[in-house]
1. Mind checking which residues of the range B:235-266 are under 25 Å from residue B:63 (Cβ atoms) and away from chain A (no Cβ under 14 Å)?
2. Which of (1) assigned to a strand (DSSP E or B); (2) away from every other protein chain (no Cβ under 14 Å) does residue B:212 not meet, given it meets every other one?
3. Pairs under 7 Å by beta carbon, first residue at pLDDT below 95 in the range B:130-151, partner part of a loop (DSSP other than H, G, I, E, B) and surrounded by fewer than 21 Cβ atoms within 10 Å (Cβ to Cβ), six or more apart or different chains?
4. Only one of (1) away from every other protein chain (no Cβ under 11 Å); (2) buried (at least 19 other Cβ atoms within 10 Å of the Cβ); (3) modelled with pLDDT under 90 fails for residue A:28. Which number is that?
5. Can you confirm whether the range B:85-103 contains a residue that is within 13 Å of chain A (Cβ to nearest Cβ), surrounded by 21 or more Cβ atoms within 10 Å (Cβ to Cβ) and assigned to a loop (DSSP other than H, G, I, E, B)?
6. Being buried (at least 19 other Cβ atoms within 10 Å of the Cβ) and either within 14 Å of another protein chain (Cβ to nearest Cβ) or touching a strand residue (DSSP E or B) at 6+ places or on another chain (Cβ under 9 Å) (or both) is the requirement here; does residue B:21 meet it?
7. Is at least one residue of the range B:52-69 within 14 Å of chain A (Cβ to nearest Cβ), over 18 Å from residue B:240 (Cα atoms) and in a loop (DSSP other than H, G, I, E, B)?
């Protein structure tokens with residue numbers, strides 16, 4: 001399972017030299033966008049924005065996270 | 001995604017040709033240079049002969065190039081047996097690295113931070129939709145969206161996947177047609193060339209209607225048929241709408257019959273001959289009907305000036321770049 005609280009934010013990932021990415025960085029980047037796609041499919045039209053999600057979106061993401069299992 | 005060995009012949013290697021110009025006129029043509037010539041002869045002169053370009057590279061072209069490369073490589077990895085997750089990770093990281101720019105000082109030496117790391121930053125786009133972040137999102141979302149697709153990459157008779165094929169095709173009158181085919185697929189027993197397109201607008205049937213007629217799609221169908229020696233039904237276009245908060249995908253088809261391709265070929269030969277003749281005469285008529293296309297031609301402000309002062313304005317607003325070479329392999 002991905003623990004959102006310890007994952008680097010998208011802003012942190014995008015400002016980091018990709019040649020220095022760890023395995024965790026790579027997987028966190030992909031997992032973050034997959035999670036955002038789920039939000040988009042649930043009707044959050046701004047879910048894919050690179051900006052930090054709003055408190056409301058974060059709340060929904062946590063609810064959805066309980067229903068999914070990411071193989072990380 | 002199944003990858004059965006097919007009987008599709010291996011296409012010939014592209015011809016080795018030093019230059020795309022002979023005796024001062026262009027004889028090797030790709031869809032880009034064909035579109036320039038078909039749009040407006042003066043536009044062709046500015047772009048191809050004089051090599052003028054806007055000082056900043058178009059974010060749409062950069063974004064589209066990185067996006068197409070990522071998907072092309074993904075399908076190549078998969079056809080060669082790489083696991084899905086590994087292939088996703090590989091192309092996402094390739095795109096992240098391609099869009100990372102290291103900083104150098106005026107002498108070209110790397111700029112280092114206090115820890116001795118080479119300083120760099122992600123590609124900064126001046127378009128709000130075609131950004132680095134949205135590129136990565138679009139790649140990941142596209143691969144999720146089409147994960148269960150029923151298109152198979154064709155495996156050639158030599159066991160290699162039919163992806164990334166640069167072609168040069170010798171046709172009539174000493175003309176060479178050239179280009180690059182991303183992927184050949186088998187869909188329900190028919191062969192198609194795959195292509196990717198991005199847009200900032202909602203994708204409707206009208207979006208796909210815009211590719212018929214279309215020189216690029218006709219050239220792909222024509223060349224695919226010739227180099228693989230099989231009937232190509234047309235081009236499958238995966239359209240991606242890129243918005244600030246999401247990427248949305250639609251798949252469309254652009255069919256080409258044998259008669260349509262023959263007609264396109266005759267038209268193209270005629271366009272090329274006209275452009276070659278204009279080049280010999282150094283006379284490139286403007287096509288005022290095209291000045292307003294796609295939000296306005298980039299050279300409109302130049303053509304609207306008196307001929308005697310156009311060069312001054314060109315030098316002020318544009319830069320000269322390396323000449324576009326249709327024979328350059330990607």
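The values are calculated or read from the model by the stated rules, or taken from the named source; none is laboratory data. Because the structure is predicted, anything quoted here is derived from the model rather than measured. Counting neighbours? That spans all protein chains shown, and the Cβs are built from the backbone with ideal geometry, glycine included.
1. B:235, B:236, B:237, B:238, B:239, B:250, B:251, B:252, B:253, B:254
2. All conditions pass for residue B:212, except number (1).
3. none
4. Looking at each condition in turn, residue A:28 falls short on (3).
5. Checked the range B:85-103: at least one residue is within 13 Å of chain A (Cβ to nearest Cβ), surrounded by 21 or more Cβ atoms within 10 Å (Cβ to Cβ) and assigned to a loop (DSSP other than H, G, I, E, B).
6. Numbers: buried (at least 19 other Cβ atoms within 10 Å of the Cβ): no; either within 14 Å of another protein chain (Cβ to nearest Cβ) or touching a strand residue (DSSP E or B) at 6+ places or on another chain (Cβ under 9 Å) (or both): yes.
Spelling it out, it is not the case that residue B:21 is buried (at least 19 other Cβ atoms within 10 Å of the Cβ) and either within 14 Å of another protein chain (Cβ to nearest Cβ) or touching a strand residue (DSSP E or B) at 6+ places or on another chain (Cβ under 9 Å) (or both).
7. no
Every residue, every condition in (1) closer than 25 Å to residue B:269 by Cβ; (2) under 21 Å from the mean Cα position of the chain (by Cα); (3) not in a strand (DSSP E or B), yes or no:
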site: B:138; (1), (2), (3): no, yes, yes
site: B:148; (1), (2), (3): no, no, yes
site: B:164; (1), (2), (3): no, yes, no
site: B:167; (1), (2), (3): yes, yes, no
site: B:182; (1), (2), (3): no, yes, no
